[in-house]
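Trainee: Below: one structure in structure tokens.
The values are calculated or read from the model by the stated rules, or taken from the named source; none is laboratory data. Worth saying up front: this structure is predicted, and the values here are computed from it rather than measured. Note that each Cβ is placed from the backbone with ideal geometry, even for glycine, and that neighbours are counted across all protein chains shown. When the accessible area is computed, the model is the full protein with side chains, heavy atoms only, and any ligands, DNA or RNA have been set aside. Shrake-Rupley method; radii C 1.70, N 1.55, O 1.52, S 1.80 Å.
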Amino acid sequence: KEPTDINKLADEYLRLAYHGLRAKDKSFNATLNTSYDETIGKINIIPQDIGRVILNLINNAFYAVGEKKKQTGDSYDPTVSVSTKKIADKVLITVRDNGNGIPQKEVDKIFQPFFTTKPTGQGTGLGLSLSYDIVKAHGGEIKVETKEGEGSEFIIQLPIV
């Protein structure tokens, strides 16, 4: 682990994910919202691992808003938000989208290995499972709040050590 600026890390991976997706799909567009808590300072994490978790959540969010855009058309404004917040001895990293949300019957399974909501060939079902393991290994938690038809919010909670 090393002292890491979590705001910089989250922002870097948001831009990386967005430009990576736009390079593959020129028609993809989304509004990006960011809100970073400047009081956090550096936290002790393995930046590559937490970066991988953030990247996975952001890519999932882009996938969700991309799918909803295909279904609803031009009236819909795909939006992905990334924020950080310090609360007592914890840091929260939140990735929110206004996609279709996760069906309630699937919410309990999304962190299981090989479970995917994506069509065959689109997802391995390892992203959230590995993300869960990485966050746990950092002494943290990862939670999801979702409303069908409205979107999802993934919250990574990490201890400030």
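Trainee: Counting pairs of alpha carbon atoms under 8 Å apart in space and at least six apart in sequence, what relative contact order in percent does the chain give?
Mentor: Normalised by residue count, the contact order of the chain is 24 percent.
Trainee: With all protein chains present, calculate the accessible area of Phe111 using a 1.4 Å probe and round the result to the nearest 10 Å².
Mentor: 40
Trainee: Exactly which chymotrypsin sites (Phe, Trp or Tyr not before Pro) in the range 52-98 are in a DSSP loop and have at most 10 other Cβ atoms within 10 Å?
Mentor: none
Trainee: Please compute the per residue accessible area over the range 5-161 with all protein chains in place, 1.4 Å probe, rounded to a whole number of Å².
Mentor: 54
Trainee: Between Glu148 and Arg15, what length comes free when the chain is fully extended (0.36 nm per residue of separation minus the Cα-Cα distance, one decimal in nm)?
Mentor: 45.2 nm
Trainee: A follow-up question, please. Rounded, prolate or oblate for the range 105-161? Axes are the square roots of the Cα gyration tensor eigenvalues, ordered a ≥ b ≥ c, and the cut-off for rounded is a/c under 1.5.
Mentor: oblate
Trainee: Among residues other than Gln104 whose Cβ falls under 10 Å from its Cβ, what is the net charge (Lys/Arg +1, Asp/Glu -1)?
Mentor: -1
Trainee: A further question follows. Find, among the trypsin sites (Lys or Arg not before Pro) in the range 1-96, those assigned to loop by DSSP (not H, G, I, E, B) with at most 14 other beta-carbon atoms within 10 angstrom.
Mentor: Listed in order of number, the matching sites are Lys1, Lys26.
Trainee: Something else now. Set the bar at 20 Å for Cα to Cα. Now go through Lys24/Lys143; Lys69/Lys118; Lys42/Lys143; Lys85/Lys143; Lys68/Lys147 and name every pair that lies beyond it.
Mentor: Violating the 20 Å Cα-Cα cut-off are Lys24/Lys143; Lys42/Lys143.
Trainee: In nm, give the distance between the simple-model label positions of Leu126 and Asn44, each being 7 Å from the Cα along the Cα-to-Cβ direction.
Mentor: Those two pseudo-labels are separated by 3.0 nm.
Trainee: Want the number for Asp133 to Glu2: 0.36 nm per residue separation, take away the alpha-carbon distance, what's left?
Mentor: 45.3 nm
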